[in-house]
Amino acid sequence: MRVSVALFTADLRVHDNPVLSAALKDAEHVVPLFVVDTGIRRTGFLVPNRAAFLADSLADLDAALRARGGRLVVRVGDVVEETGRVAAETGAGAVHLAGGVSRYAARREDRLRAKLSGDGRALHVHDASVTVVPPGALTPVGRDHFAVFTPYFRRWEGFSGRRVLPAPDAVRVPDVTSADLPSARSLAPGPTSPGLPKGGETEARRRLRSWLSGPLADYEDRHDDLAADATSRLSPYLHFGCLSPTELLHRARAQDNPGSHAFVRQLAWRDFHHQVLAARPDAAAHDYRPRHDRWRHATKEIDAWRDGRTGYPVVDAAMRQLRHEGWMPGRARLLAASFLTKTLYVDWRVGARHFLDLLVDGDIANNQLNWQWAAGTGTDTRPNRVLNPLTQARRFDPHGEYVRRWLPDTDTDTETDTGADHPPPIVDLAEAADRFRRGRGTG
């Protein structure tokens with residue numbers, strides 16, 4: 001009896017899953033394995049919001065496998081040791097794994113390959129599981145990655161990717177012991193955001209059907225409209241792999257309208273950041289393009305920003321939404337990040353850590369590199385641009401609906417006075433812009 005292991009990481013689905021499909025093709029019996037990795041716990045990455053979403057997603061994956069005659073096998077401990085142990089217990093000849101781009105994922109892959117090869121087993125890494133285009137598949141002449149999005153996107157659009165894979169009809173699992181499915185509290189104790197979305201592939205596919213049925217067509221015109229809430233909200237499901245980016249690309253392209261074209265571009269941005277981090281893993285913690293900034297250590301201002309009490313309503317509304325939902329739309333993220341890094345002139349790593357503490361879609365590649373883009377230390381071709389929160393509010397929340405949703409005490413007759421229970425602006429915008437220019441040496 002041939003056995004293989006499908007090691008689930010950031011691909012918690014049965015539809016269009018290259019790891020599961022290859023494992024099933026490789027052997028008569030497959031161990032669908034998830035390891036509650038104690039190494040991830042030590043990094044501080046598994047916070048309550050993402051732990052709750054992960055617990056939902058694992059329960060949903062187990063249900064989908066059981067509907068096909070299988071089940072999810074859960075182990076707790078070091079991912080390499082536990083995977084090797086399961087392979088030995090079942091006599092598996094190979095382990096299948098989705099490729100990752102973080103330094104942690106690369107070390108995990110290296111350790112796993114060494115462990116398995118020492119036991120006479122093979123490791124098969126599937127690089128088109130988490131992204132549409134595998135990191136490193138597209139490179140400019142003489143370089144190992146694209147540093148600018150537009151030329152990357154031109155190549156990305158013409159890339160001939162893999163086909164969408166069907167969900168399996170049946171999964172036969174050998175006799176092997178399993179721990180219980182983890183609860184959110186067992187993964188990361190602590191309170192979660194009240195408006196946190198439900199995790200899992202079932203919910204992901206429900207949201208996908210809803211998104212494709214109408215809202216996608218209006219995406220180009222409405223995605224930056226803060227009050228409209230007109231983005232897909234699919235990012236948490238992409239982050240955990242409850243939804244395949246390849247399937248999403250195929251189904252969005254089938255719409256063939258301006259909204260779908262704009263949405264596909266966002267999928268390309270996601271791949272772009274993954275290929276940058278794969279080539280430059282240090283960018284998770286260090287400036288991609290150093291600007292020799294003299295960042296300020298402004299504790300009170302940082303606290304005001306985190307709490308949504310800067311006195312600038314659109315920024316404060318964004319931060320309140322983040323705390324309540326564990327999520328915020330891209331425009332709100334950009335406004336909040338620009339305000340911290342350029343108006344307050346605070347190190348982008350401070351903001352990136354706060355976002356990772358709360359975002360249910362908190363992703364090292366996209367979170368860190370979007371923060372660097374906003375701070376001007378990343379891939380932005382205009383690194384010294386400063387977004388004025390008043391101008392941005394007039395453009396993307398002209399009637400104050402988004403602000404009132406998250407700051408119900410707001411007086412929307414003015415752009416900064418938000419009522420008796422809200423503070424005045426903590427910084428003068430003109431003075432802040434001058435301070436940033438001097439700090440970065442551009443003034």
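What to note about this one:
- Each peptide in 169-175, 127-133 was scored by the mean count of other Cβ atoms within 10 Å over its residues; highest first, the order is 127-133, 169-175.
- Cβ-based exposure ranking for 4, 102, in which fewest neighbours within 10 Å come first: 102, 4
- For chymotrypsin sites (Phe, Trp or Tyr not before Pro), the sites in region 93-185 that DSSP calls loop and that have at most 14 other Cβ atoms within 10 Å are 159.
- For region 3-129, a simple Cβ point-charge model (Lys and Arg +1, Asp and Glu -1, everything else neutral) yields a dipole of about 240 debye relative to the Cα centre.
- Charge dipole of region 73-124 about the Cα centre (unit charges at C-beta), most positive-ward option of 80, 99, 120: 99
- Residue 143-residue 286 FRET efficiency (beta carbon distance; Förster radius 25 Å; 0.05 resolution): 0.85
- Label-to-label distance, residue 266 versus residue 254, with points set 7 angstrom from Cα along the beta-carbon direction: 2.0 nm.
- In this Cβ point-charge picture (+1 for Lys and Arg, -1 for Asp and Glu), region 299-440 has a dipole of about 640 debye about its Cα centre.
- Cα-based shape type of region 299-440, given that a ≥ b ≥ c are square roots of the gyration tensor eigenvalues and the cut on a/c is 1.5: oblate
- Those lysines that a straight Cα-Cα span of less than 28 Å connects to residue 25, excepting residues fewer than 8 apart in one chain: 115
- The ranking of 334, 390 by Cβ neighbour count inside 10 Å, starting from the fewest, reads 390, 334.
- Ellipticity estimate at 222 nm from DSSP helix runs (n ≥ 4, -39,500 (n - 2.57)) divided over the chain, nearest 500: -14000 deg cm²/dmol
- Fewest-first sequence of 371, 211 by Cβ atoms within 10 Å of each Cβ: 211, 371
- Maximal additional length on extending the residue 221-residue 122 stretch stands at 30.8 nm, based on 0.36 nm per residue less the C-alpha distance.
- What you get for the chain, charging only the Cβ of Lys and Arg (+1) and of Asp and Glu (-1), is a dipole of about 1020 debye around the Cα centre.
- Global geometry of region 152-194, whether rounded, prolate or oblate, following the gyration tensor of its Cα atoms and the 1.5 cut on a/c: oblate
- Between region 171-228 and region 347-383, the alpha-carbon center distance in angstrom: 22
Throughout, read-outs are computed from the coordinates displayed, never taken from laboratory work. This structure is a prediction, so every number in the text was calculated from the model and none was measured. When we count neighbours, we look across all protein chains shown, and the Cβ atoms used for this are built from the backbone with ideal geometry, even at glycine.
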